[in-house]
Amino acid sequence: MKLRILAFPVFFGLILTSCGEDSICDCIRASDELNAKYDELRTKALSNKGQKEVKELIKTKKAKCKEFEQMSGPEMMKRKASCK
């Protein structure tokens, strides 16, 4: 019984630490997608579909990057290097 009680926090901790790098990478990917959409729209007129796509990308980026808003630039670049 004690083994089960100890196993859960260890397992949960491993999950959290393994997700940390993925979440920063997800944030960076969402930012890159939004930037690519902005670049694409610079040369085109913004349609209703384009507006909806941009709004959706902004929501996605905000959700994925919320925990990294206060991170310094050098720290962000250091962690970005670990993303593929």
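The values are calculated or read from the model by the stated rules, or taken from the named source; none is laboratory data. On a predicted model such as this, the values are computed, not experimentally measured, just so you know. With ideal geometry, Cβ positions are generated from the backbone for all residues, glycine too; neighbour counts draw on all protein chains shown. The protein model used for the area step is the full one, side chains on, heavy atoms only, and it has no ligands, DNA or RNA in it. Shrake-Rupley method; radii C 1.70, N 1.55, O 1.52, S 1.80 Å.
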What does the accessible area per residue of the stretch 23-82 come to in Å², with a 1.4 Å probe and no ligands, DNA or RNA counted? 76
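Apply 1/(1 + (r/R0)^6) to the Cβ-Cβ distance of Glu69 and Ala36, taking R0 = 22 Å, and write down the FRET efficiency to the nearest 0.05.
0.55
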Can you spot the lysines whose alpha carbon is less than 27 Å from Lys80's alpha carbon? Ignore those fewer than 8 places along the same chain. Lys37, Lys55, Lys59, Lys61, Lys62, Lys64, Lys66
